[in-house]
Amino acid sequence: MADSVALDPVDLHILRVLQNDARTTYRDLAAQVGVAPSTCLDRVTRLRRSGVILGHQLRLDPAKLGRGVEALLSVQVRPHRRDLVGPFVERVRALPEAMSLFHLTGPEDFLVHVAVAGPADLQRLVLDEFTARREVARVETRLIFQQWSCGPLLPPDAVGDAVGGVVQDSPGESW
């Protein structure tokens with residue numbers, strides 16, 4: 001793991017807190033972690049510069065945006081060549097329905113998480129944007145009933161320290 005970054009307990013605590021709420025102020029973060037605000041700012045800056053913290057994202061509820069049906073599309077591209085994969089990835093990333101895209105090993109080459117208004121929109125998306133492409137050999141669709149966030153994500157040697165660092169579910173989410 002040449003790309004891994006050495007993290008001490010303070011760094012791990014900062015990451016736990018920020019994964020639960022990335023909007024935490026430096027003052028509150030410093031108080032929770034038990035360091036001075038200036039030290040906290042330096043730590044977070046170092047974590048950003050080293051690439052441990054990649055950015056902050058706003059999570060939206062697709063249903064409240066009129067996209068109440070979510071699905072995972074398993075896509076097989078044939079032939080699986082770089083000259084076809086690049087344009088396929090760019091096209092999928094440009095689709096307003098696409099939430100995330102994964103390039104995989106195994107029988108399927110890609111997994112695409114999409115959100116659409118309803119079944120007819122999902123059918124249109126699959127037929128017009130995926131199976132209509134020459135390089136797409138097969139698409140398998142799975143509806144998502146519910147999903148949960150997991151975490152926090154910590155280095156393997158810090159997993160035992162994760163007790164109590166569980167990411168909070170959104171209101172209304174339950175098992």
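The values are calculated or read from the model by the stated rules, or taken from the named source; none is laboratory data. Small disclaimer: the values here were computed from a predicted structure and weren't measured. Ideal geometry is used to build each Cβ from the backbone, glycine not excepted, and the neighbour counts take in all protein chains shown. The protein model used for the area step is the full one, side chains on, heavy atoms only, and it has no ligands, DNA or RNA in it. Shrake-Rupley method; radii C 1.70, N 1.55, O 1.52, S 1.80 Å.
Overview of results
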{"read-out": "Neighbours by Cβ (under 6 Å, 6+ apart or cross-chain): first from segment 93-113, among the β-branched types (Val, Ile, Thr); second open to solvent by less than 20 Å² (accessible area, probe 1.4 Å) and part of a strand (DSSP E or B)", "value": "Val112/Leu73"}
{"read-out": "Residue among Leu101, Leu84, Leu125, Leu95 that alone is surrounded by fewer than 16 Cβ atoms within 10 Å (Cβ to Cβ) and not charged (D, E, K, R)", "value": "Leu95"}
{"read-out": "Pairs, first loosely packed, with under 10 Cβ neighbours inside 10 Å in segment 45-62, second not polar (S, T, N, Q), C-beta under 7 Å, six or more apart", "value": "His56/Ala22"}
{"read-out": "Conditions (1) closer than 30 Å to Val114 by Cβ; (2) open to solvent by less than 80 Å² (accessible area, probe 1.4 Å); (3) in a loop (DSSP other than H, G, I, E, B); number of the one not met by Val5", "value": "(1)"}
{"read-out": "Matching residues in segment 107-127 - criterion: being closer than 18 Å to Lys64 by Cα and in contact with a helix residue (DSSP H, G or I) (Cβ under 7 Å, 6 or more places away or on another chain)", "value": "Val114, Ala115, Val116"}
{"read-out": "Residue within segment 78-96 that is of a type outside the set (S, T, N, Q) and within 15 Å of the chain's Cα centre (by Cα) present", "value": "yes"}
{"read-out": "Flag if Arg59 is modelled with pLDDT under 95, basic (Lys, Arg) and under 21 Å from the mean Cα position of the chain (by Cα)", "value": "yes"}
{"read-out": "Top-ranked residue in segment 128-159 [being in contact with a helix residue (DSSP H, G or I) (Cβ under 6 Å, 6 or more places away or on another chain) and closer than 21 Å to Leu18 by Cβ; ranked as surrounded by the fewest Cβ atoms within 10 Å (Cβ to Cβ)]", "value": "Gly151"}
{"read-out": "Selection count, segment 97-126, where residues are among the β-branched types (Val, Ile, Thr) and either more than 20 Å from Leu60 (Cα to Cα) or more than 20 Å from the chain's Cα centre (by Cα) (or both)", "value": "2"}
{"read-out": "Leading residue by the ranking (nearest to the chain's Cα centre (by Cα)) among those in segment 17-32 that are of a type outside the set (Gly, Ala, Ser) and within 19 Å of Arg59 (Cβ to Cβ)", "value": "Gln19"}
{"read-out": "Condition met for Leu72 (touching a residue at least 60 places away in the same chain (Cβ under 8 Å), open to solvent by less than 70 Å² (accessible area, probe 1.4 Å) and part of a loop (DSSP other than H, G, I, E, B))", "value": "no"}
{"read-out": "Filter pass, Pro79 being assigned to a loop (DSSP other than H, G, I, E, B), under 19 Å from Ala137 (Cβ atoms) and open to solvent by 80 Å² or more (accessible area, probe 1.4 Å)", "value": "no"}
